[in-house]
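Asks: Below is a structure I'd like to ask you about.
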Amino acid sequence: MGNMEISGDVLEKIVSEAAMKLFDFCDYPAVKYRILQLVGEAPDTERIKRLHGEFLHSDIVEQLYNEQDIKGGWGQFRSKDYSVKAVFPTSQTAIRRCLYIGLTYDDRDILMLANDYLEGILDGTIKAKCSEKNERANPWQTAEVCEQIEAIRPNNPICDSTIAQWNYIAGRAYEDGEYSYERDRAAQHEVFLTREARLVPMQPGLLLKRRGQLGRGIEEAMLCHLGEGAYHNGYFWAECPEKLPEEFVGSKTRRWFHSFNFINQFRGGARYLSHVVEWLLDNRNKDGIWDYGPQIKDPWGYFGNFSINRKYAHNRVVDCTMEILSFLFKYIENNTWQEAKVPDKSAT
């Protein structure tokens, strides 16, 4: 773990320049529109209004629109139905895709209907099969549903009680600045009336949707516990920031981004990611953008593509660069709010 040597203003300039190089490189309206969102172009410029209209009728938006079911979802929420052949394995996956490509609540009603679907799961009007059969399943799924609701329309009152529960649990688990399994277990047993030793995983994605309620001290403690865990051991995949690939171009490079993005949701994550930013900037290609080469097939599918046109020769460059730009802009957002130099913990 190294020092964050580049100031926020300088880094933002470098990343914005890379984004505009992709803007000039690729003619896809969905790519151009998302880039303008990321660089912060005002929503009322003629350029972004024109691209927004083209984006709404792009192939990737049409696919989401056509595959959405009458309930507003895309099949089961979290548990894949293997008896059905579907483009999107779960509704949770499709909603994440909507948010990743830049759809908003009012765009062709896709996320509006998805929000209605999620609220229906919470109020019981829509049945959602839990992926596990134990006492942790319902509170776990409820937290994940609320996380997506808050991503679509922040501060939805339907999530108030769930977020309050998790704020209480997090406050107990990290009350002295370090994680305690015993305090976490006691709080979950109290709140969820459960008895198992196994717990619902901490829900940083949900809690950080309303980080003002969480408090800086708890977020810092979560970063030190969960972020450092992902730094050393990875998140979802074993590939972790502590051990970056020897070569940027490799068949599994994309797997590292699961860990990068998990840590990147926290403010102050630069202590674990500043060397990752340097590594990414050092690995731009001759066009000033990125290409990590052909990737091994993800058994769960890959949903970061910005076109379903397989004939375009530069799809991989576009998708790789968009994934990196999304990471870098979030890194800037979560680390330049205080320009203090990040302490070097490489010796610890």
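The values are calculated or read from the model by the stated rules, or taken from the named source; none is laboratory data. For clarity, every value in this text was computed on a predicted model and none was experimentally measured. Methodologically, a virtual Cβ is constructed for each residue, glycine included, from the backbone with ideal geometry; neighbour enumeration extends over all protein chains shown. Quick note on the areas: whole protein, heavy atoms, side chains included, nothing else; ligands and nucleic acids left out. Shrake-Rupley method; radii C 1.70, N 1.55, O 1.52, S 1.80 Å.
Asks: Do any cysteines in the chain lack another Cys Cβ under 4.7 Å, and if so which?
Replies: Unpaired cysteines in the chain: Cys26, Cys98, Cys130, Cys224, Cys240, Cys320.
Asks: Just want to confirm a number: the relative contact order over the range 39-152, from Cα pairs under 8 angstrom separated by 6+ residues, in percent.
Replies: Result for the range 39-152 is 23 percent.
Asks: Also, quick follow-up: Calculate, for the range 16-114, the solvent-accessible area per residue in square angstrom, rolling a 1.4 angstrom probe over the heavy atoms of the protein chains.
Replies: 49
Asks: Which percent of the accessible heavy-atom area of the range 208-256 goes to carbon and sulfur, probe 1.4 angstrom?
Replies: Reported share for carbon and sulfur atoms: 51 percent.
Asks: Can you pull the percent of the range 1-160's accessible area that's carbon plus sulfur, 1.4 Å probe, other chains left in place?
Replies: Numbers: 3860 of 7800 Å².
About 50 percent, which is the carbon plus sulfur part of the accessible surface.
Asks: Can you compute 3J(HN,Hα) from phi for each residue in the range 74-84, using the Karplus curve 6.51 cos²θ - 1.76 cosθ + 1.60 with θ = phi - 60°, rounded to whole Hz and x for Gly and Pro?
Replies: Once rounded to whole Hz, the list reads 9, x, 4, 5, 10, 10, 5, 8, 6, 7, 10.
Asks: In the range 1-131, if the dipole is taken from +1 on Lys/Arg beta carbons and -1 on Asp/Glu beta carbons about the Cα centre, which of Ser83, Ser58, Leu118 is farthest to the positive end?
Replies: The Cα lying farthest towards the positive end belongs to Ser83.
Asks: For a quick check: with amide H placed at 1.01 Å from N, whose amide H comes under 5 Å from Trp74's, ignoring anything fewer than 5 positions away on the same chain?
Replies: Asp69, Ser91
Asks: Separate question: So which aspartates and glutamates pass the test for Lys32, namely a Cα distance under 16 Å, with those fewer than 8 places away in the same chain ruled out?
Replies: Correct list for Lys32: Glu17, Asp24, Glu41, Asp44, Glu46, Glu54, Asp59, Asp319, Glu323.
Asks: Among Tyr82, Tyr33, Tyr65, which one shows the biggest mean-square fluctuation in a GNM of the chain, springs joining Cα atoms closer than 10 Å?
Replies: Among Tyr82, Tyr33, Tyr65, the largest GNM mean-square fluctuation belongs to Tyr82.
Asks: Could you tell me what percent of the accessible area of the range 290-341 is made up of carbon and sulfur, with a 1.4 Å probe and every protein chain present?
Replies: 54
Asks: Give me the percent relative contact order of the chain, please, defined on Cα pairs under 8 angstrom at least 6 residues apart.
Replies: Averaging sequence separation for qualifying contacts and normalising by length gives 22 percent for the chain.
Asks: Treat every Asp and Glu Cβ in the chain as -1 and every Lys and Arg Cβ as +1, leave all other atoms uncharged, and give the resulting dipole magnitude about the Cα centre to the nearest 20 debye.
Replies: Here the chain has a charge dipole of around 740 debye.
Asks: Determine the relative contact order of the range 243-340: mean sequence separation of Cα pairs under 8 Å and six or more apart, normalised by residue count, in whole percent.
Replies: Answer for the range 243-340 is 37 percent.
Asks: Continuing with the same structure: Accessible area per residue of the range 217-275 at 1.4 Å probe, in Å²?
Replies: Value for the range 217-275: 40 Å² per residue.
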